Amino acid sequence: MKSDPSILADVFRICFEHYDKAKTSPTGKIKNPNEILKNFDFDIKKNPADAADLFKDMQLYLSLTPNTLTPNFQNQLFSGLNQYALAGDWLTSVTNTTMATFEVSPMGTLVEKKMIEHMNRLIGWENGDGIMATGGSNANMISLLVARNKKFPEIKKEGQFNKRLTLFVSEEAHYSFEKAANMLGIGLDQVRKIKTSPNGEMEPVHLEEMIQASLLEGEYPFYVAATSGTTVLGSFDPIDRIYEISKKFNLWLHVDGAWGGSVLLSSKHRHHLNGIENVDSMTWDTHKMIGTGLMSSFFLTKHPGILRSSHNHGGGDYIFHESEIAEWDLGPSSLQCGRRNDALKVWLTWRSLGDIGVKDQIDNLFTMAIKAKEMILESSELMLMYEPSSLNVCFRYRSVGNVNNLNKEIRKRLLEEGDFFINIATRMGETFFRLIIVHPELSEVHLKKLFSDIIRLGNKIEEENASCLLKI
């Protein structure tokens, strides 16, 4: 097929239209995979498709994808997209560089390095290190690899023979630590879960007990992960107390701040991360509270040069050449070779807001979380499940029947209607809505409509259930 010079202009037009309308549009009705497969042709044909058919495919892609740019999208730990993040993504795509070497991506390299320097200073590290990763899960895996290679440098070359390494995370920690333990050959059984308080914070006393027990078993404890912003409750582990224990046993202390790291910008709420300057490393996703777009994940550490020491091997015969600029190459510090310039969208967004703008955005989100809590408490038909630690507001529709199944059914019908996209979670046998306050333009109007719809659907389902019982 010949190149069609008008296609990109048409694609930009429909993208502009989608972005312009998305904030005031519903999330869209949930789709069944069989329904999509029935109505959309995914097959690659022997002959090339023409431009008109491809453009139709693009339009259908937009129409069949949930709208995550609206404040009504409260399903995950991100919502919305800053216009400068979108611009940065387009610039990254059109330049199509790789972040492996400075010579191919000079601007991208400097943007990422300067962005990491700024974030490290906010943590309290004047001479740290860091790299962007393809998500918070991979950033957590990097922390495990770096910690292991620092504690046991021989493993990098010889392998992990005859050493049962152990790491410690809370019961509320992200599942990525178990995935990482599997990928690195540490083993799922070597991930020790530490008890949490009723509000989801790691219990330091139990952590110390588990480390001592591991040592008595002849194992090799080497790593602790605290969480700043758990996925369900949004809780913050007590970093100061965990640091003292980690220091006592000479363990690497990592903070998974994928969700809560951006709170560092807020003078009102930074106390949630007291002691962060003492830890060894941190994961921070700016696509969450700051809205820089997927993926915007950072691994940060206070140890300069440790990434290159841990990860560097090979490539000198064809890509990493000896030169006066070789020290600027990011490839030797990364787990990847080819890597897109994700830092540009973060840098442009942050520059557009400034630290003050980011602070105001985060403070406003906390204000809205308090407002959501108050609205739930004022309702006789809704029940607050936990006192919010940050921006996760957990609640459910009250019922005298099977309340778990009822709330699941409410969510199902809510997604079928297509106005809101909100998730549920189950903790200690109780199922509830997990409302994420993260879209920068979320207002009381959105919250009132959401709660009203949940109550309407809950009442309707209970009426239906009562009617069925009467018929029996």
Task: Where labels lie 7 Å past Cα in the beta-carbon direction, separation of residue 24 and residue 360 in nm - done: 2.3
Open item on the list: For residue 23, give me every one of the lysines with a C-alpha distance below 16 angstrom, ignoring sequence neighbours fewer than eight places off in its own chain.
Closed with: 449
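Let me check against my output: what whole-number percent is the relative contact order of region 296-405, with C-alpha pairs under 8 Å and at least 6 apart?
15
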Open item on the list: Taking 8 Å as the Cα distance limit and 6 or more residues as the minimum spacing, I'd like the relative contact order of the chain as a percentage.
Closed with: 21
- [ ] Select from region 186-261 those GluC sites (Glu not before Pro) which occupy a DSSP coil region and have at most 16 other Cβ atoms within 10 Å, ordered by residue number.
- [x] 217, 219
- [ ] Express the carbon and sulfur contribution to the solvent-accessible surface of region 85-215 as a percent, rounded to the nearest whole number, probe 1.4 angstrom.
- [x] 52
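Lys pairs in region 63-160, Cα-Cα under 27 Å, at least 8 apart or on separate chains: how many?
Counting lysine pairs in region 63-160 gives 4.
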TODO: Scan the chain and note any complete DSSP helix (H) whose C-alpha atoms cover at least 27 Å along its axis and whose Kyte-Doolittle average is -0.5 or more.
DONE: 343-378, 444-471
- [ ] Determine the sum of side-chain charges near residue 333: Lys and Arg each +1, Asp and Glu each -1, restricted to other residues whose C-beta is under 10 angstrom from that of residue 333.
- [x] -1
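Please give me, ordered by residue number, the GluC sites (Glu not before Pro) of region 63-151 that lie in loop per DSSP and have at most 12 other Cβ atoms within 10 Å. If you can, show how the numbers build up before the last one.
Working: sites: 103, 112, 117, 126; in loops: 103, 126.
Answer by residue number: 126.
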Task: Dipole in debye (nearest 20) - the chain, about Cα centre, beta carbon charges: Lys, Arg +1; Asp, Glu -1 - done: 520
Task: Computed over region 142-201: relative contact order in percent, which uses C-alpha pairs under 8 Å that are six or more apart - done: 34
- [ ] Compare the Cα positions of 325, 313, 343 along the charge dipole of region 307-355 (+1 at Cβ of Lys, Arg; -1 at Cβ of Asp, Glu; about the Cα centre) and return the one farthest towards the positive end.
- [x] 343
Open item on the list: Could you compute the longest span of the chain free of chymotrypsin sites (Phe, Trp or Tyr not before Pro) located in DSSP loops and having at most 16 other Cβ atoms within 10 Å, not counting the site residues?
Closed with: 319-472
- [ ] Add +1 for every Lys or Arg and -1 for every Asp or Glu among the other residues with Cβ under 11 Å from the Cβ of residue 256, and state the total.
- [x] -3
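Take the alpha carbon gyration tensor of the chain, find the square roots of its eigenvalues, order them as a ≥ b ≥ c, and report rounded if a/c is under 1.5; if not, report prolate when a/b exceeds b/c, else oblate.
Values: a/c = 1.75, a/b = 1.14, b/c = 1.53.
Oblate.
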Task: Positive-end residue, the chain charge dipole about Cα centroid, Cβ charges, pick of 71, 5, 139 - done: 71
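Run lengths n ≥ 4 of DSSP H only: what is the helix-derived mean residue ellipticity at 222 nm for the chain, with -39500 (n - 2.57) per run over all residues, to the nearest 500? Display every interim value, and only then the final one.
Values: 15 runs with 208 residues, N = 472.
Counting only the DSSP helices, I get -14000 deg cm²/dmol.
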- [ ] For the chain, report the accessible area per residue in Å² (1.4 Å probe, heavy atoms, rounded to an integer).
- [x] 48
- [ ] Restricting to the chain, compute how many DSSP beta bridges are antiparallel as a %, nearest 5.
- [x] 55
Task: Set 163/193; 288/373; 21/45; 179/373 screened for pairs whose C-alpha atoms are more than 31 Å apart - done: 21/45; 179/373
Task: aspartates and glutamates whose Cα lies under 15 Å from that of residue 248, excluding same-chain neighbours fewer than 8 positions away - done: 208, 209, 240, 280
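The values are calculated or read from the model by the stated rules, or taken from the named source; none is laboratory data. This is a predicted model, so every value here is computed, not measured. Here Cβ is always computed from backbone atoms with ideal geometry, including for glycine, and neighbour counts include all displayed protein chains. Side chains included, ligands, DNA and RNA excluded: accessible areas come from the protein's heavy atoms. Shrake-Rupley method; radii C 1.70, N 1.55, O 1.52, S 1.80 Å.
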